[in-house]
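The values are calculated or read from the model by the stated rules, or taken from the named source; none is laboratory data. Note that the structure is a prediction, hence the values are computed from the model and not measured. Ideal geometry is used to build each Cβ from the backbone, glycine not excepted, and the neighbour counts take in all protein chains shown.
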């Protein structure tokens with residue numbers, strides 16, 4: 001009898017969580033400043049020979065799934081894939097992270113934070129070789145509710161770190177430190193319950 005009661009409570013709890021789960025999907029433009037503390041001088045330099053920084057532009061595709069709801073706080077996971085180009089180089093980031101959002105102010109405004117980890121793939125401008133390395137990032141922003149299922153992502157700002165294609169990762173001739181990636185994005189988020 002106790003097992004049946006326990007099973008019934010678990011099933012009820014799972015259906016309650018699933019009923020309140022929220023899914024959001026986005027495809028937004030993104031701009032990222034990629035910076036190195038030391039310029040790379042060789043033929044595999046991701047930012048170009050002797051360059052310490054470069055702007056990359058592209059699209060940020062992703063979605064989130066909020067599983068936890070308590071008062072004005074929601075938490076879940078975010079999966080994103082970002083495609084960018086700059087100076088004929090390519091940058092692709094696939095990240096999975098934990099996401100927390102809240103509505104501490106008036107309802108239409110909802111700030112969020114997330115910490116992500118994944119794989120960043122970089123291709124230098126002068127060579128088809130590519131390098132895939134571990135990437136981590138922290139992102140924060142503000143969504144503004146426009147309609148029942150549509151949010152405007154007013155801004156999302158992010159910081160990531162990634163070991164890019166270079167003479168040390170492809171040619172093995174020098175040690176180049178990880179690049180800092182500072183990104184900004186905006187656009188629409190479509191939500192489903």
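Could you grab me the full set of residues in segment 32-67 that are over 30 Å from residue 177 (Cβ atoms) and either free of Cβ contacts under 8 Å to residues at least 24 places away in the same chain or out of contact with any helix residue (DSSP H, G or I) (no Cβ under 8 Å at 6 or more places or on another chain) (or both)?
Passing the criteria: 63, 64, 65, 66.
Report yes if some residue within segment 133-152 is crowded, with 19+ Cβ neighbours inside 10 Å, at pLDDT below 95 and farther than 21 Å from residue 73 by Cβ; otherwise report no.
no
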